[in-house]
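Where a number appears in this text, it was derived from the coordinates with a stated rule and is not lab data. For clarity, every value in this text was computed on a predicted model and none was experimentally measured. Note that we place each Cβ from the backbone using ideal geometry, even for glycine, and neighbour counts take in every protein chain shown.
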Amino acid sequence: MFDYTQPLAAQALVVVEKLQQAGFIAFLAGGCVRDAMLGRVPKDFDVATDATPDTVRDLFGRRRTLAFGASFGVIGVLGVFSDALTPTEVATFRSDGEYSDGRRPDSIRFGSAEQDALRRDFTINGMFYDPVAAKLIDFVCGEADLKAGIIRAIGDPEKRISEDKLRMLRAVRFAAALGFELHGDTQAATCQHAQEVTIVSGERIGAEVRRMFGGVSAARAIRLLATTNLIGYIWPSYTLTSIADSSFASDVQRLASGSIENSFVVIVAMLISRMGTEPEVAIDEITTRWKLSCDEQRAIEHAIRSRDTLLNADRLPWSMVQPIVSARDADTSIEAAAGWADGFELPGAGISFCKVRRAWPLEQLDPPPLLTGDTLRMLGYKPGPSFRDVLQAIRNSQLDLRITTELEAIELAKQIYSGLGH
């Protein structure tokens, strides 16, 4: 089931073996079990045990462990084979008290494996696996739901949601990424409590949305967000009319399901373009809601502003296209424009043109200017409002190959200033 030749898996196996040899119960837990059963390579491995945090630290040594979650019974065991290896999280079986803040339990009690499974979010995340005995431990019917393709809350879905409102978004993300369906009761509870997602911090919402919109499952995630009413509370309010439009879902599906691997920034840029309202307003609202980084905000703005130019690049002067194709966010902008073209079956010649030019060597893509402001000053022209316009006109002529030398650039500058009465 697991490939123990992989360093992370091998390290987790050593941790489980050492705990069991010391007389404790220890299993692999949660997402790594789910992913392995789906035939996927787990990104990380968690271990659950009946050993207390202090016992785990004593067993593996204080210098080889990190108490980064000791208050919740979680200890990080440092790399067995390499200090650089990601620590294996070892969590003591527990049951949780009340969740007064809708995020974390006010208290925990160490308990049994079954109690630990029952306090988790979804059945597919509530299974354990004993790698020594090669045995699945499933108290929550997670295996059956995994085979059926169902995301089902463990126990009462309303209780699970009341404990942590972010679980509503996590349910959508898992369903979208795995191609699963939400169980009826879980979906109904999410619809009923969708408004409560607003109490979740922007950082946590943003992290979930980034993962949902970060790949080819984005279209399905958006559909599920709309179906569960969540999108109206995590997306800027002005978009509600567009989302209610019957054409919205199909347009999003077409935008996000092209052959390209869409990134979060690309998806957001395409969706804002689809809204037909002021992009600046939409970006400002999303930045506040999802806590976008400055880089994300800049890349989205660039993609939206440059879309029409990129789509028509093969028919426009190179001087209009070059600043976009040579910009730091060019790859994202080209990808967003390509997604738009694929989604609406628009001609792709402009995109192909840009991709070819983007592959040019830097000195060809963005050659040094033939003329600078220092040269204009040396020629006797005083800095002023016309400086920028003259330099831009010369740069455009250079990019469009109307001039190729500094002497030609100087002559053009003199002609321009003469026309301005200088």
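Below, the figures for the structure above:
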read-out	value
GNM result for the chain, Cα springs below 10 Å: residue of Phe45, Phe174, Phe387 fluctuating most strongly	Phe387
Bridge type composition, the chain - antiparallel percent by DSSP, nearest 5	75 percent
Projected label distance in nm at Thr52 and Lys414, using a 7 Å step from Cα toward the beta-carbon	9.0 nm
Sites Leu407 and Glu285 - FRET efficiency at Förster radius 60 Å, r taken between beta-carbons, to 0.05	0.70
Gaussian network model of the chain, Cα within-10 Å springs - most flexible of Thr88, Thr55, Thr123	Thr55
Gain upon complete extension [Ile199, Ser293; 0.36 nm per residue less C-alpha separation]	31.8 nm
Candidate values (1) 91, 52, 36; (2) 87, 57, 46; (3) 65, 45, 45, label of the one derived for Cα extents along the principal axes in Å	(1)
FRET E, pair Gln115, Tyr4, Förster distance 35 Å, beta-carbon r, rounded to 0.05	0.75
Two-decimal Rg/Rh across segment 1-148, once Rg and the Kirkwood Rh are taken from alpha-carbon atoms	0.95
Rel. contact order, % - alpha carbon contacts under 8 angstrom, at least six apart, segment 106-166	31 percent
Residues Ala148 and Lys18, FRET efficiency given R0 of 45 Å [Cβ-Cβ distance, rounded to 0.05]	0.80
Gain on full stretching of the segment that runs from Arg40 to Ala393 - 0.36 nm per residue minus C-alpha separation	121.5 nm
